[in-house]
Amino acid sequence: MTDYRGAPVVNSGQGYRAAPTQPGSRMARRAAAAAAPPPPPDDRPPRSHRGGGHNGSGGHNKMRILAYVSIGLTTVMVAGALTGYVVYRDAFGNIKQKSVKNDIINPRPPDTGALNVLLVGSDTRAGAGNAKYGQELARQADAGGKRTDTIILLHLSPDRDKARLISFPRDSMVQIPKCRNETTKQEMPPRRDMINSAYNAGGIACTISTLETLTGIRINHFVEVDFSGFKNIVDALGGIEICLKSGVNDKNSKLVLPPGKSLLNGEKALGYVRLRHYGDGSDIQRIKRQQIFLSKVIAKATSSELLTDVGQLRSFISAAAGSVTMDPELANDTEQLIEIALSAKQLTAGGVKLTTIPWLPDPEDKNRVVWKQPDANELFTSIKTDTEPTASEPSASASSKPKVTRKPEDVKVQVLNGTQTVGKAGEVADLLAKEGYNVVGVGNYEAAGGSLAKTEIHYAKTSEAAPDYADTLAKSVLPKPASTAGKVKASNPQAYTPATPPMKAPAKGTPVLQLLVGEDFDSVKVTKLPDSVTNSTITASEQKNVCT
C-alpha cells in the first residue's frame, strides 16, 4: 500500500438590439435600481532585472496602457443604458465587431457565472491615425501589421460586487497551445514563446485560447483598442488631469510637462503613459503611474457630470464605440452591457483591484520573465473559485439549534485520499492549510470499487457541534461536498505538518472532521493570496494624489 503521497514521501455594426429582461431576475431588480443616473464613485513588465541597454525586438517605446483605458471604455460604452439606451442607438452601432469563437480550437474552461473580459491594446499601424506610432524599423518591416503589448483580464465576480484587473506582462515566456493562423486559418503547432506572439499570428482567438489554457479561467468576451482609440477616448472625456512631483522633458515621447497639475489631451496622455525616462526609470513605477491614470479615466467616465450631460455623453459614447472592436455577443447583448454598467455604478473607487501577475526573470533569458509559481496559480484559483454565493439557509426554528459560524482556523480536519491519484491527500491538505485550516493528519480511504466518486465530509455521530464545523469546511471545497455523521477507517494514517504552522490551535474538544477526497474534487477556494500577489496589487484608495 502506498502512503497518501506515494513512495518515497517528498515535499514539494450589426446594430444594437434589446435583449429581454426576465421579470424578477437579478438583472430586472438591478436595472430598476438604476433608474436615476449613477452618482460619482466614492508593458512593460517590471524591469528591475533588466539591463539598461536592452534593445530586444520588443522595443521600449510601445504602448502599455491601451488595454487599461479599454476598461474605462467598456464601462462608459454602456453608460447610456442607464439613461435610456435608445437615445444612443446610432452611437452603439459604431462598435466594430469580430467573431472569433469558431477559431478557438482548444477545450475551454467551464463558465462559473463570473464575467471575464479580455482587454488588449493593439499597436496596429493600419490606418492614418496609427501609422505614426511604433518604431521606425518595425514600421518599415511590417507596415499595417499589429502587435499587442498590453494584455489585461477584467474579472467581475458572479454577484458583480467585486472587480479585479490582472495585467499579463508582454515579455512573459509561456506555453502557447495550438492555434489557427488569423490570416491563413492553418493550424500552428504549440510552442514556448512570448505571450504577445499569440496575438501577432493567431489574433485575439489565439490570445484567448492561450490564457484559458494557462489559467483555467473562462474568457467570456474581448475588447480591442488601438492608438487612435486611446486618444479619442481621452479627448472625448475632455482630458485627464494628472499631478507630478517633478516636471517632464522627454525627447523620446516629445512630452514636456511642468511640476504640479496638468490637464492632458489625448496626444499628451499617449506620451505620458508611454513615458520611460522619468522617476527611477523602472517599469514598476511606470505601471503604477498607468494604474493611477486608469483610475482617473474610470472616475471621470462614471461621474455624474458626464452621465447627466446628454450631449457630452452621446459624443463620448460615439467616440468610444468607434474606437474599439468587440465580439458580437457582447456588442449586441444589451443586458450584458447593462450588467457591466450597473457593476461600474455600484463599485466604489476603492473596490477595483489592479494586479500584475507575480513574475521572475526567465532563467533562459534575463530579458524575459516567467510567472512565479505557485503564486500565479493561486491567483488564478482565487478567480476560478469566485463563485456565486450559495442560497441563504432557512432560519432555525424555535425548536432547532441555531447554526454557529466557525472560522477555518477553528476547524480540525484529517484529509483522506479516496482516489487512485497518488499524493492527492497531501495536495489537498496543503491547499487547506494555506487557507488557515488545522490539518491534523492525512491518509488513504479504500472506497468500494477502488475509487470514491464524490468528495465527502464525515464527523463523529456523538459530536453535536461537528455539523457547524463541517459547514465551514464544505463552503471551502469545490464542488461542495455532502456532510455525513459517522467517521470512516483511514488506511495508512500519518501526521501532517504544514509548511507554515497555524496561527492558533483550536479549542480543546474541537471535533476532528474527515475530508474524503473523491474523483470530482476540483479545488479549495483561495481567499488568502501570497505576498507576491498582494504586493503587486493596488486599489483606488491607495491611488492618492502625489501632489497632496
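The values are calculated or read from the model by the stated rules, or taken from the named source; none is laboratory data. Because the structure is a prediction, the values reported are computed rather than measured. Reconstructed Cβ throughout: ideal geometry from the backbone, glycine too, with neighbour counts over all protein chains shown. Side chains are part of the model used for accessible areas, which takes the heavy atoms of the whole protein and leaves out ligands, DNA and RNA. Shrake-Rupley method; radii C 1.70, N 1.55, O 1.52, S 1.80 Å.
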Considering only strands (runs of 3 or more DSSP E) wholly within the range 347-392, the ones with at least 1 residues that are at pLDDT 80 or above and touching an Asp or Glu at 6+ places or on another chain (Cβ under 6 Å) are 365-371
Just checking, does the range 207-229 include any residue being over 30 Å from Arg108 (Cβ atoms) and open to solvent by less than 60 Å² (accessible area, probe 1.4 Å)? yes
Read through the list (1) surrounded by fewer than 17 Cβ atoms within 10 Å (Cβ to Cβ); (2) at pLDDT below 85, then give the number of the only condition that Ile538 fails. (1)
Considering the range 177-214, residues that are assigned to a loop (DSSP other than H, G, I, E, B) and under 18 Å from the mean Cα position of the chain (by Cα), and then whichever is farthest from Thr527 (Cα to Cα), we arrive at Asn196
Counting only residues that are in a loop (DSSP other than H, G, I, E, B) and modelled with pLDDT under 90, which one in the range 233-248 is most open to solvent (accessible area, probe 1.4 Å)? Lys245
(1) out of contact with any helix residue (DSSP H, G or I) (no Cβ under 7 Å at 6 or more places or on another chain); (2) charged (D, E, K, R); (3) within 14 Å of Thr510 (Cα to Cα): which one isn't true of Arg406, the others all being true? (1)
Applying the selection to the range 148-176, what residues are acidic (Asp, Glu) and either within 10 Å of Ala114 (Cβ to Cβ) or not in a strand (DSSP E or B) (or both)? Asp159, Asp161, Asp171
Just the residues that are within 20 Å of Lys504 (Cα to Cα), hydrophobic (A, V, I, L, M, F, W, C) and not in a strand (DSSP E or B), please, taken from the range 440-481. Ala465, Ala466, Ala470, Leu473
Flag for Glu339 being part of a helix (DSSP H, G or I), under 22 Å from the mean Cα position of the chain (by Cα) and modelled with pLDDT under 75: yes
